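Worksheet: one structure, shown below.
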Amino acid sequence: MQKFVVHIEETGERYTALDTRSVLEGMEALGKKGIPVGCRQGGCGVCKVQVLEGQYTRRVMSRAHVSVEEEAAGCVLSCRIYPASDLRLQVIGAMKKNVCRPAAATLFPQPMNQAI
């Protein structure tokens, strides 16, 4: 079992991923609420990402969601890839709005304590 670092380009987040867990499983472990995970078998297409750097192994994905041309450009379904090196990726599927949204603390900052 090997560990690699996965970097999500849009948010700057990084997480440690095991080569035995899909990239999607690692993204879920970040604790983001509402990540649409779909079928987890490469058939629904909601977890599409583009791998910008790094190596991975892949399992079968539906061509209805990832064409041969897209795959050649690094577009894959995160439920069907497993890291084989550190990865840098962009979220491009239906997950993007949930993975890339700012944390609640940045949306509603707490007022600073003021001296009296």
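Numbers at a glance
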item	result
Extreme residue, nearest to the chain's Cα centre (by Cα), among residues of segment 10-39 that are at pLDDT 90 or above, part of a loop (DSSP other than H, G, I, E, B) and not basic (K, R)	S22
Residues located in segment 40-93, provided they are touching a residue at least 40 places away in the same chain (Cβ under 8 Å), in a loop (DSSP other than H, G, I, E, B), among the small types (G, A, S) and surrounded by 14 or more Cβ atoms within 10 Å (Cβ to Cβ)	G45, G54, A84, G93
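The values are calculated or read from the model by the stated rules, or taken from the named source; none is laboratory data. Quick caveat: nothing in here was measured; it's all calculated off a predicted structure. All Cβ positions, glycine included, derive from the backbone under ideal geometry; neighbour counts span all protein chains shown.
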